[in-house]
1. Name every residue in the stretch B:85-104 that is open to solvent by less than 30 Å² (accessible area, probe 1.4 Å) and within 30 Å of A:ASP44 (Cβ to Cβ), in order of residue number.
2. Considering only residues that are under 23 Å from B:LEU85 (Cβ atoms) and of a type in the set (Phe, Trp, Tyr), which ones fall in the stretch A:26-64?
3. Report whether or not B:THR51 is among the β-branched types (Val, Ile, Thr) and surrounded by 12 or more Cβ atoms within 10 Å (Cβ to Cβ).
4. May I ask you to list the residues in the stretch B:61-109 that are touching a Lys or Arg at 6+ places or on another chain (Cβ under 7 Å) and at pLDDT 90 or above?
5. Quick one: what pairs do we get from the stretch A:94-108, first residue touching a residue at least 12 places away in the same chain (Cβ under 8 Å), second among the aromatic types (Phe, Trp, Tyr), C-beta under 8 Å, 6+ apart or different chains?
6. It is to be established whether one or more residues within the stretch A:22-37 are within 24 Å of B:HIS57 (Cα to Cα), within 12 Å of chain B (Cβ to nearest Cβ) and in contact (Cβ under 8 Å) with a residue 24 or more places away in the chain.
7. Would you please name the residue that is farthest from the other protein chains (Cβ to nearest Cβ), looking only at residues in the stretch B:20-36 that are surrounded by 21 or more Cβ atoms within 10 Å (Cβ to Cβ) and part of a helix (DSSP H, G or I)?
8. When you check B:LEU9 against the structure, is it in contact with a helix residue (DSSP H, G or I) (Cβ under 6 Å, 6 or more places away or on another chain), away from every other protein chain (no Cβ under 14 Å) and modelled with pLDDT of 90 or more, yes or no?
Amino acid sequence: MSDTPGDRSTRLARWWVRRYTAGLDEPAATFRRAEIDSDLAEHDLYRNVSGWPPARIRRERLRRLAAGAPSDIGWRHDRLRGRAPRGVGIVVVPLTSIASLMLAAYYGAFAAYNLGNSALADQQIFGRSPLQGFEAYADETGASTAALIIAGLGLMLAVAAIARPIAPVVANAVTLPIAAVAVMFFWLGVWPFGLAVFAGAATDLALRAPRVTVP
Amino acid sequence: MPRRRPGSLLPLEVSILAACRDVGSTGIHGFAIAHSIADAAESRRLTATGTLYRALHRLDEGGLIENWWEDPNDAAAAGRPLRRLYRITGAGATALASAESAASTPALRQANPGFAS
């Protein structure tokens, strides 16, 4: 299908289906990929019937792909539900995601508050504009670097929490060190929260680890 | 997506079942279902891929439709990937008739305010 009008969109659709079927039972994953492959081929063949220009076929395919992405994730959830960690895992997995997002929001708010506060204080004292005040403050204290690190950690944490349905192990791998940073630096009372996220992510990771059966 | 009441069908599921019923026992593939739904709604937009196939899986798991892969020789002769074909089951036809009946009742009441169920 290399000469089809939706060539790039076809590759994107195949990439996406590989992503959300990754780690599922092979029959279910193969089934879904074959199903989508067939749909993509039929969409290309439809060009001959409809007379739609290639750009329109491409746009329509991308629209169908984007609009259906939440359902794809939901479908993956449906498939994983049967083999999700039982017992404590049923509580830990969603709680870790929520707690990670809250921690991320805290990091972001903390960075924004510190930056805004320092810039405004400088404006009041020295009569500088907020931007000039921040620049002066950053030069003196290295606040911009700290703020960037904090905001970056928060962003990564948020991405990890959102990505959890797609790649839970990767999400945990990101969450663990960031939560550990919060614990290690005892940031403004957030460390117990970070510890809870750390414990939750570690438990989630342990529950997802392949079980070794001893004969 | 609208919340489902227990035992009820979502509008998309009704449309899928109707598309499956219309083709009979020969079966219909996913893209053709999307096309059929768009035609019925007089829309030029096809149902989103993920939405369509997730709904198909739900209906399949609920026993309202059944599916099978087409004969590989047919696909090879046409030079395309295998099609997954779907057709409505007896339970699906009953559920569809029930949903269509429920959908037509408000219209009937509107047309005839004296109508009582």
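1. B:LEU85, B:TYR86, B:GLY92 - these are the residues of the stretch B:85-104 that are open to solvent by less than 30 Å² (accessible area, probe 1.4 Å) and within 30 Å of A:ASP44 (Cβ to Cβ).
2. If the condition is that a residue be under 23 Å from B:LEU85 (Cβ atoms) and of a type in the set (Phe, Trp, Tyr), then A:PHE31, A:TYR46 are the ones that fit.
3. So B:THR51 fits the description; yes.
4. B:ILE65, B:GLU66, B:ASN67, B:TRP69, B:GLU70, B:ILE88, B:ALA93, B:LEU96 - these are the residues of the stretch B:61-109 that are touching a Lys or Arg at 6+ places or on another chain (Cβ under 7 Å) and at pLDDT 90 or above.
5. Going by the 8 Å Cβ cut-off, the qualifying pairs are A:ALA99/A:PHE193; A:MET102/A:PHE193; A:LEU103/A:PHE193; A:TYR106/A:PHE193.
6. yes
7. Looking at the filtered set, the residue picked out is B:CYS20.
8. It is false that B:LEU9 is in contact with a helix residue (DSSP H, G or I) (Cβ under 6 Å, 6 or more places away or on another chain), away from every other protein chain (no Cβ under 14 Å) and modelled with pLDDT of 90 or more.
The values are calculated or read from the model by the stated rules, or taken from the named source; none is laboratory data. Just so we're clear, the structure is a prediction, and the values are computed from it rather than from any experiment. Positions of Cβ are backbone-derived with ideal geometry, glycine not excepted, and every protein chain shown enters the neighbour counts. Side chains are part of the model used for accessible areas, which takes the heavy atoms of the whole protein and leaves out ligands, DNA and RNA. Shrake-Rupley method; radii C 1.70, N 1.55, O 1.52, S 1.80 Å.
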